[in-house]
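J.: Mind having a look at this structure? Questions to follow.
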Amino acid sequence: TLHNGMDRPPEFEYEFGIYTGVNSRASNGIGVSKVYAEAPPNPSSLTNPAAPSSFHPELAFHFAYNYGGIDVRKPSDLEGGPFRFSAGVSATWDAQPASLLDLAMRVAPELLIKVGGFHALGVFYLGLWEQAVGDEDMALGLFGGVAQLSYVFLDMFEVSARYSTVSILEEMRNDARAWADRQIAAETDPDEQAVLQRRYQDTGRLLAEHEVLLGFDVYLLGTTLKLQVDGGVRIHERSDEDRHDGLVRTQVQLAF
């Protein structure tokens, strides 16, 4: 990674890096694999540890303008103070993406505002991918974003709200359905075909996902030790019938 100060970036901030396009964990960046109902690799699994089976370069770039000495290392406004903001954009390009697992390119504008213990954050992104069945090298498949707001009071408590969404465009849904139908039709064993039909039965039906969360944090020892609790609802917008999940989570985080 090349940068001009990642600890506390200057007024004009940049980072440029070359990374591997293969995910190191099967928990982040898995939107494409979920659309195609494919299991992403998990090189960091402790039950079956193994090095990544393939490597391909991914270029990443980030540029931002930081006003008022804003601390961009964390979104919460723990230090308080006058109006500050950071506005930027990031982009990635994968040289050899796996069409069922990886986005070929992502572009994401962002805005972070802090003032008097409040923070507001908004990020929007577009995701392009290579079709598995179609012949387009790069097409727009996903778009989404996240917006969040929080307030820190008494120097150790924080309340927050977050909304996030991701939409799967029709072109990607149709490509995923065509891929699933091709896998089912190619299987000659009736039992295995039944397994594939169950696996791909929902492929192409998910239109979008939305999540609304409320959170409460307690900074027990500043940012070294804190307790986090959040809860909310996740909405799966589908072509047949929407589904809803409720969730409540808590964690104690230790950082040093």
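The values are calculated or read from the model by the stated rules, or taken from the named source; none is laboratory data. Quick caveat, the model's predicted, so the values are computed rather than measured. Don't worry about glycine lacking a Cβ; one is built from the backbone with ideal geometry, like all the others, and counts go over all protein chains shown. The area values use the complete protein model at the heavy-atom level, side chains included, leaving out ligands, DNA and RNA. Shrake-Rupley method; radii C 1.70, N 1.55, O 1.52, S 1.80 Å.
J.: What number of residues within region 131-146 satisfy the criterion of being open to solvent by less than 50 Å² (accessible area, probe 1.4 Å) and either modelled with pLDDT of 95 or more or assigned to a strand (DSSP E or B) (or both)?
T.: Final tally of qualifying residues: 6.
J.: Which one of Ala176, Ala98 is crowded, with 16+ Cβ neighbours inside 10 Å and assigned to a loop (DSSP other than H, G, I, E, B)?
T.: Ala98
J.: How do the pairs read when you match residues in region 9-36 that are touching a residue at least 60 places away in the same chain (Cβ under 8 Å) and hydroxyl-bearing (Ser, Thr, Tyr) with residues anywhere that are open to solvent by 20 Å² or more (accessible area, probe 1.4 Å) and in a loop (DSSP other than H, G, I, E, B), using Cβ under 6 Å and keeping only pairs 6 or more apart or on different chains?
T.: These pairs meet every condition: Ser33/Pro40; Ser33/Leu101; Tyr36/Leu100.
J.: Quick check: anything in region 152-163 farther than 15 Å from Val212 by Cα, open to solvent by 40 Å² or more (accessible area, probe 1.4 Å) and either in contact with a helix residue (DSSP H, G or I) (Cβ under 6 Å, 6 or more places away or on another chain) or in a strand (DSSP E or B) (or both)?
T.: Looking through region 152-163, at least one residue is farther than 15 Å from Val212 by Cα, open to solvent by 40 Å² or more (accessible area, probe 1.4 Å) and either in contact with a helix residue (DSSP H, G or I) (Cβ under 6 Å, 6 or more places away or on another chain) or in a strand (DSSP E or B) (or both).
J.: When Glu58 is evaluated against the numbered criteria (1) assigned to a loop (DSSP other than H, G, I, E, B); (2) at pLDDT below 95, which criterion, by number, is the only one it fails?
T.: Against the list (1) assigned to a loop (DSSP other than H, G, I, E, B); (2) at pLDDT below 95, Glu58 comes up short only on (1).
J.: Now for a different question. Which numbered condition in (1) closer than 27 Å to Gly144 by Cβ; (2) open to solvent by 50 Å² or more (accessible area, probe 1.4 Å) is the only one that Pro190 fails?
T.: (1)
J.: Since Ser90 meets every condition but one in (1) under 26 Å from Arg8 (Cα atoms); (2) open to solvent by 50 Å² or more (accessible area, probe 1.4 Å), which condition does it not meet?
T.: (2)
J.: Across region 78-87, what is the number of residues that are open to solvent by 60 Å² or more (accessible area, probe 1.4 Å) and either within 20 Å of the chain's Cα centre (by Cα) or farther than 17 Å from Asn66 by Cα (or both)?
T.: Of the residues in that region, 0 qualify.
J.: Take Leu121 and tell me if it is open to solvent by 60 Å² or more (accessible area, probe 1.4 Å) and either aliphatic (A, V, I, L, M) or over 19 Å from Leu206 (Cβ atoms) (or both).
T.: no
J.: Which residue is surrounded by the fewest Cβ atoms within 10 Å (Cβ to Cβ), if the candidates are limited to region 194-226 and must be more than 27 Å from the chain's Cα centre (by Cα) and farther than 24 Å from Arg238 by Cβ?
T.: Leu221
J.: With the structure loaded, tell me whether Pro57 is open to solvent by 60 Å² or more (accessible area, probe 1.4 Å), of a type outside the set (Lys, Arg) and farther than 30 Å from Ala37 by Cβ or whether it fails that test.
T.: no
J.: Still on this model: Within region 21-31, which residues are on the phi < 0 side of the Ramachandran plot and either open to solvent by 60 Å² or more (accessible area, probe 1.4 Å) or among the aromatic types (Phe, Trp, Tyr) (or both)?
T.: Of everything in region 21-31, those that are on the phi < 0 side of the Ramachandran plot and either open to solvent by 60 Å² or more (accessible area, probe 1.4 Å) or among the aromatic types (Phe, Trp, Tyr) (or both) turn out to be Ser24, Arg25, Ser27, Asn28.
J.: Starting from region 171-193, take each residue that is closer than 24 Å to Asp137 by Cα and touching a residue at least 40 places away in the same chain (Cβ under 8 Å) and list its partners that are open to solvent by less than 80 Å² (accessible area, probe 1.4 Å) and part of a helix (DSSP H, G or I), counting only C-beta distances under 7 angstrom and pairs at least six apart or across chains.
T.: Met172/Val35; Ala176/Val35; Ala176/Tyr36; Trp179/Tyr36
J.: Next question, about the same structure. Applying the selection to region 110-143, what residues are farther than 25 Å from Arg84 by Cα, among the small types (Gly, Ala, Ser) and without any contact (Cβ under 8 Å) to a residue 40 or more places away in the chain?
T.: Ala139
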